[in-house]
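Below is one structure; the comments refer to it alone.
The values are calculated or read from the model by the stated rules, or taken from the named source; none is laboratory data. Since the structure is predicted, the reported quantities are computational estimates derived from the model, not experimental observations. Here the Cβ positions follow ideal geometry from the backbone for every residue, glycine too, while neighbour counts run over all protein chains shown.
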2 protein chains.
Amino acid sequence: MTDGTSRAVTLSDVAEAAGVSISTASKALNDRNDVAASTKARVRAIAEQLSFTPNVMARGLLAGRTGTVGLLTSDLEGRFMIPILMGAEDAFGEGRVNVFLCDARGDAIREQHHLRELLSRRVDGIIVVGRQTDPRRSLGQSLPVPVVYAYAPSDDPRDVSLTPDNVAGGRLAVEHLIACGRTRIAHISGDPSFSAARDRLAGAQTALADAGLEMVGEPMFSEWTEHWGRDAGAMLLRQHPEIDAIFCGSDQIARGVLDIARDLDRIVPDDLAVIGYDNWELLAENSRPGLTSIDANLQQLGRRAAELVFAAIDGNERAAGEQPMPVRLVIRGSTIARR
Amino acid sequence: MTDGTSRAVTLSDVAEAAGVSISTASKALNDRNDVAASTKARVRAIAEQLSFTPNVMARGLLAGRTGTVGLLTSDLEGRFMIPILMGAEDAFGEGRVNVFLCDARGDAIREQHHLRELLSRRVDGIIVVGRQTDPRRSLGQSLPVPVVYAYAPSDDPRDVSLTPDNVAGGRLAVEHLIACGRTRIAHISGDPSFSAARDRLAGAQTALADAGLEMVGEPMFSEWTEHWGRDAGAMLLRQHPEIDAIFCGSDQIARGVLDIARDLDRIVPDDLAVIGYDNWELLAENSRPGLTSIDANLQQLGRRAAELVFAAIDGNERAAGEQPMPVRLVIRGSTIARR
DNA sequence: CTGTTAGCGCATTCAC
DNA sequence: GTGAATGCGCTAACAG
């Protein structure tokens with residue numbers, strides 16, 4: 001463990017060591033031109049030597065800004081927050097902005113608690129990340145800082161929300177299957193209480209209708225798990241052996257379907273095409289064959305959320321409403337045979 | 001988006017509204033006894049009404065402490081940081097400590113950059129999270145705040161490092177297989193340049209030797225992937241059909257082995273027991289059968305790291321050296337048939 | 001070009 | 001009990 005005792009060196013330490021006033025030292029370090037080049041160099045050398053790091057809090061007191069953003073999540077265990085966080089970090093980038101990460105664990109009390117903490121710390125803005133695409137309760141309109149909702153939209157249309165476009169994703173998936181020459185397409189998805197499940201189905205239905213096709217069998221809803229994918233896949237392929245493609249509501253479900261297809265001697269993709277959702281690389285790249293999937297571009301979503309927070313902080317741009325974010329298709333071997 | 005314009009209300013606002021001085025307001029809100037109960041109540045009511053949140057920066061300026069901790073990770077995409085972060089958050093808990101999350105993306109330059117930022121923000125301590133258990137370069141001994149290394153230890157023994165005990169994990173895994181009556185045990189693992197791979201093997205060898213057994217075939221090293229698990233499993237089972245158990249260096253590898261075992265008509269666990277490593281629930285709980293695995297208790301590791309940072313901050317306790325953290329066995333159907 | 005002064009928001013003496 | 005004064009570390013406006 002490093003030495004936790006030595007007091008942090010302050011600007012006045014540097015000034016004293018350099019034999020100048022505090023304000024001169026400040027100017028030198030902030031590269032103002034109203035200071036002699038020689039003293040500037042000297043002060044900087046001293047600062048370097050003393051490994052001086054300016055106290056951002058003190059600076060923030062003056063500026064009224066802290067250069068911090070709060071990320072309030074209820075999905076620390078899940079996988080959606082991570083890419084969003086990465087995108088946000090990218091956007092904040094070298095902009096000297098740091099992120100406070102708070103995990104509410106899906107608990108409203110804890111969320112309120114963390115919200116107060118973030119406001120106490122005078123974050124310049126807040127990004128709220130949910131774990132489903134269903135609307136969540138708004139933090140309210142009376143906060144002193146801008147708020148952007150990511151993945152899970154706010155239930156208040158006055159808020160800005162960025163959500164992946166699940167309808168477009170469903171459409172994209174089925175259009176791809178049709179483009180691959182498939183016509184007898186079925187759908188297995190997760191919990192129907194999730195708008196994600198319903199929206200993806202809606203998109204799929206649109207694509208089918210546009211092509212003059214009908215879905216084979218009823219869409220099957222239950223859990224977002226491999227187990228369900230296996231069970232549903234087995235039922236479906238037994239009841240409707242003519243099926244030549246299955247659109248799955250998640251990569252986990254798709255993995256289950258791939259698994260059971262092998263048991264039933266259905267060759268993927270020749271005999272049966274399978275497409276997943278989320279493009280969870282751990283699952284999609286390691287299956288046999290690789291799993292074609294829909295990617296929600298979460299990193300880009302996070303980046304955009306950060307940009308919106310920024311815009312609201314220093315500009316006056318005040319967007320509002322739910323903005324569906326584009327998704328993309330990632331093709332692997334489960335829909336097109338690689339040669 | 002919420003109103004980003006309304007200036008945050010300050011203590012002087014509250015004082016003015018309550019018709020008292022700033023210092024009295026301060027005392028009232030901090031529950032000091034040298035203030036009349038009536039005024040105390042009044043000030044608090046006003047503060048509540050104005051939704052006053054104290055500016056932690058200003059307070060921190062005085063106190064010399066910020067109540068923040070930096071989490072410097074190089075594993076934002078990976079899975080190790082998340083449970084560690086959760087454990088740390090638990091430990092910090094209601095302690096009014098917040099976490100700055102910085103992702104260095106495995107880049108030393110970026111890490112240095114983030115380190116400076118954290119020091120600028122006067123974090124009270126830093127937790128460094130790596131993505132492998134191999135030693136990483138120390139941040140140095142001259143930092144003004146305590147540092148604890150989690151998962152990846154520091155290469156400087158003067159630092160405190162918490163790493164999962166991979167040797168114990170390897171031993172535990174093989175002891176379990178032996179307890180299940182297995183005697184012809186093989187090993188498939190990942191990249192041998194990882195100390196995790198070597199340590200787990202060492203532990204396994206110990207357990208075998210203690211039981212008077214020898215490993216079947218050579219340990220197989222390559223990647224931490226399902227693909228490798230399938231390939232290695234196929235080779236192994238073909239060359240050594242007598243194998244009755246495989247200890248895998250990761251859950252991904254184990255999933256591959258389970259997959260190929262099914263292809264080769266080996267019944268798990270009756271005919272072949274399989275054990276993984278990491279207890280990645282996504283993989284372990286959804287396989288057929290469920291995957292027995294070694295869990296590194298990362299959440300507890302994170303909690304402990306936070307506790308050590310705390311101890312160093314306000315106590316004088318200054319631990320040092322690499323502390324191996326206990327692991328545990330999670331039994332599922334891949335080693336013991338569930339009835 | 002440099003130094004002095006003031007003040008960001010708050011907690012803490014110390015007078016009254 | 002209460003309030004005026006001081007200072008945390010820093011930057012901005014001025015005066016020299």
Residue list for segment B:86-104, filter: over 16 Å from A:Val69 (Cα atoms) and surrounded by 16 or more Cβ atoms within 10 Å (Cβ to Cβ) | B:Met86, B:Gly87, B:Ala88, B:Glu89, B:Ala91, B:Phe92, B:Ala104
Looking at segment B:245-284, which of its residues are part of a helix (DSSP H, G or I), free of Cβ contacts under 8 Å to residues at least 40 places away in the same chain and out of contact with any helix residue (DSSP H, G or I) (no Cβ under 6 Å at 6 or more places or on another chain)?
-> B:Ala261, B:Arg262, B:Asp263, B:Glu281, B:Leu282
Run B:Leu236 past the list (1) part of a loop (DSSP other than H, G, I, E, B); (2) crowded, with 17+ Cβ neighbours inside 10 Å and report the number of the one that doesn't hold.
-> (1)
From B:Thr73, B:Thr66, residue being within 8 Å of chain A (Cβ to nearest Cβ), touching an Asp or Glu at 6+ places or on another chain (Cβ under 7 Å) and of a type in the set (Ser, Thr, Tyr) = B:Thr66
The residue from A:Glu77, A:Glu48 that alone is more than 16 Å from DNA strand C (Cβ to nearest atom), assigned to a loop (DSSP other than H, G, I, E, B) and either at negative phi or out of contact with any helix residue (DSSP H, G or I) (no Cβ under 6 Å at 6 or more places or on another chain) (or both) is A:Glu77
Using the structure shown, decide if A:Val145 is under 14 Å from A:Leu308 (Cβ atoms) and facing another protein chain (nearest Cβ under 7 Å).
-> yes
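Mind listing just one residue for me: the one in segment A:110-131 that is basic (Lys, Arg) and either part of a loop (DSSP other than H, G, I, E, B) or more than 8 Å from chain B (Cβ to nearest Cβ) (or both) and, of those, surrounded by the fewest Cβ atoms within 10 Å (Cβ to Cβ)? Write out each step before concluding.
The initial filter retains those residues of segment A:110-131 that are basic (Lys, Arg), namely A:110, A:116, A:121-122, A:131.
Right, trim to either part of a loop (DSSP other than H, G, I, E, B) or more than 8 Å from chain B (Cβ to nearest Cβ) (or both) and you get A:110, A:121-122, A:131.
Working: A:Arg110: 15, A:Arg121: 22, A:Arg122: 22, A:Arg131: 18.
Top of the filtered list is A:Arg110.
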A:Leu61: in a helix (DSSP H, G or I) and either at pLDDT 85 or above or more than 12 Å from DNA strand D (Cβ to nearest atom) (or both), yes or no?
-> yes
How about segment A:48-58: which of its residues are within 11 Å of DNA strand D (Cβ to nearest atom) and at the interface with chain B (Cβ under 8 Å from one of its Cβ atoms)?
-> A:Thr53, A:Pro54, A:Asn55, A:Val56, A:Met57, A:Ala58
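Every residue, every condition in (1) farther than 16 Å from B:Arg255 by Cα; (2) buried (at least 19 other Cβ atoms within 10 Å of the Cβ), yes or no:
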{"site": "B:His176", "(1), (2)": "yes, yes"}
{"site": "B:Ala186", "(1), (2)": "no, yes"}
{"site": "B:Gly203", "(1), (2)": "yes, yes"}
{"site": "B:Leu208", "(1), (2)": "yes, yes"}
{"site": "B:Gly217", "(1), (2)": "yes, no"}
{"site": "B:Arg230", "(1), (2)": "no, yes"}
{"site": "B:His240", "(1), (2)": "yes, no"}
When the residues of segment A:1-31 are filtered to those that are more than 10 Å from DNA strand D (Cβ to nearest atom) and surrounded by fewer than 17 Cβ atoms within 10 Å (Cβ to Cβ), which remaining residue is modelled with the lowest pLDDT?
-> A:Asp3
Flag for A:Leu61 being near DNA strand C (Cβ under 8 Å from one of its atoms), of a type outside the set (Gly, Ala, Ser), within 12 Å of chain B (Cβ to nearest Cβ) and surrounded by fewer than 18 Cβ atoms within 10 Å (Cβ to Cβ) | yes
Selection status of B:Leu162, more than 22 Å from B:Ile331 (Cβ to Cβ), out of contact with any Cys (no Cβ under 7 Å at 6 or more places or on another chain) and not acidic (Asp, Glu) = yes
Residue pairs qualifying under the 7 Å Cβ cut-off, at least six apart or on distinct chains, with the first in segment A:41-70 being over 19 Å from A:Ile126 (Cβ atoms) and in contact (Cβ under 8 Å) with a residue 24 or more places away in the chain and the second being near DNA strand C (Cβ under 9 Å from one of its atoms) and in a helix (DSSP H, G or I), are A:Arg42/A:Ala18; A:Val43/A:Ala18; A:Val43/A:Ala25; A:Val43/A:Ala28; A:Ile46/A:Ala18
Name the pairs: first residue in segment A:177-201 and farther than 14 Å from A:Tyr277 by Cα and in a helix (DSSP H, G or I), second residue at pLDDT 95 or above and small (Gly, Ala, Ser), Cβ to Cβ under 8 Å, at least 6 apart or on different chains?
-> A:Ile178/A:Ala207; A:Ile178/A:Ala211
Name the residues in segment A:32-47 that are surrounded by fewer than 11 Cβ atoms within 10 Å (Cβ to Cβ) and either modelled with pLDDT under 90 or within 14 Å of chain B (Cβ to nearest Cβ) (or both), would you?
-> A:Asn33, A:Asp34
Hey, among A:Glu242, A:Glu218, A:Glu214, which residue is over 25 Å from the mean Cα position of the chain (by Cα), more than 14 Å from chain B (Cβ to nearest Cβ), touching a residue at least 24 places away in the same chain (Cβ under 8 Å) and more than 19 Å from A:Asn166 (Cβ to Cβ)?
-> A:Glu242
Is it fair to say B:Arg79 is at the interface with another protein chain (Cβ under 8 Å from one of its Cβ atoms) and either crowded, with 16+ Cβ neighbours inside 10 Å or under 36 Å from the mean Cα position of the chain (by Cα) (or both)?
-> no
Considering every residue within segment A:67-75, establish whether at least one is crowded, with 20+ Cβ neighbours inside 10 Å, more than 16 Å from DNA strand D (Cβ to nearest atom) and modelled with pLDDT under 90.
-> yes
Could you check, for segment B:318-329, whether at least one of its residues is charged (D, E, K, R) and either part of a helix (DSSP H, G or I) or facing chain A (nearest Cβ under 10 Å) (or both)?
-> yes
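Being under 21 Å from the mean Cα position of the chain (by Cα) and at pLDDT below 95 narrows it down to one residue among A:Gly106, A:Gly190, A:Gly169; which is it?
The unique qualifying residue is A:Gly106.
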